[in-house]
Amino acid sequence: MMAATVPNKSADVKPWYKHRWPWLLMLGPAVVVVAGFITIYIAVTQQDALVVDDYYKEGKAINQDLRRDQVAAAMQLGAALRYDAANGRLLGTIESQKKPYAGKVFVSLVHSTQPGKDMKMQAQTDQQGTFSVALPMLDIARWQVVIEGEQRDWRLGGEWMWPQQQQVVLQPAAADGQ
């Protein structure tokens with residue numbers, strides 16, 4: 001009778017680190033650890049936007065802002081802005097009751113995500129209701145645009161997607177606050 005020979009399996013067994021499955025299983029936790037360190041780095045190096053402490057006071061200010069929008073609607077104000085990148089200037093026109101608006105105005109450009117890039121400018125309109133202010137390179141972003149009168153008694157606001165929109169037209173908010 002012939003004896004059946006059983007191959008010696010212990011000679012064919014490789015150490016664990018020569019198999020691909022342990023490495024594949026360790027890949028997920030390793031990626032999570034690296035992502036955690038990246039998140040910590042971003043949290044430590046980037047400045048947080050501030051949260052308003054006095055919500056009640058801010059709520060009262062919202063009602064005042066609605067009144068300023070209503071004043072702008074009563075004056076039939078409208079404005080158009082465009083950015084001249086070649087000359088580094090913000091050009092604008094303001095009309096009241098379809099006539100040029102003359103006077104000092106405040107223009108605010110508020111960056112959608114980075115408060116450090118917000119810009120506040122002062123401009124004087126001429127007899128045609130136009131103004132021009134120096135403006136450094138405008139970032140590609142969504143900007144909140146606010147134009148206010150010298151006494152801050154009226155306000156025009158809107159959103160500007162630069163450079164997708166070459167020009168933004170601002171009209172007063174609806175009288176019902178929407």
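Which length gain, in nm to one decimal place, applies between Q166 and K14 when the Cα-Cα distance is subtracted from 0.36 nm times their residue separation?
Using 0.36 nm per residue and subtracting the Cα-Cα distance, I get 48.2 nm.
Could you give me the ³J(HN,Hα) list for the stretch 139-147, computed from phi with Karplus coefficients 6.51, -1.76, 1.60 and θ = phi - 60°, whole Hz, x at Gly and Pro?
Those phi angles translate into 5, 6, 5, 9, 10, 8, 10, 9, 10 Hz.
List every residue whose amide H lies under 5 Å from the amide H of R89, counting only residues 5 or more places away in sequence or on a different chain, with H placed 1.01 Å from N in the peptide plane.
It is D84, L135, by chain and number.
How much length would be gained if the chain were fully extended between Q144 and Q47, taking 0.36 nm per residue of separation minus their Cα-Cα distance, in nm to one decimal?
Working it through step by step, the gained length comes to 32.9 nm.
According to the square roots a ≥ b ≥ c of the eigenvalues of the Cα gyration tensor, what is the shape class of the stretch 66-161, taking rounded for a/c under 1.5, prolate for a/b larger than b/c otherwise, and oblate for the remainder? Numbers along the way, then the final one.
Values: a/c = 2.07, a/b = 1.36, b/c = 1.52.
Oblate, since a/c reaches 1.5 and b/c is not below a/b.
Can you tell me the relative contact order of the stretch 76-170? Whole percent, Cα pairs under 8 Å, sequence separation 6 or more.
Relative CO of the stretch 76-170 lands at 30 percent.
Every number in this text was worked out from the coordinates using simple rules, so none of it is lab data. Everything numeric in this text was worked out from a predicted model, so none of it was measured.
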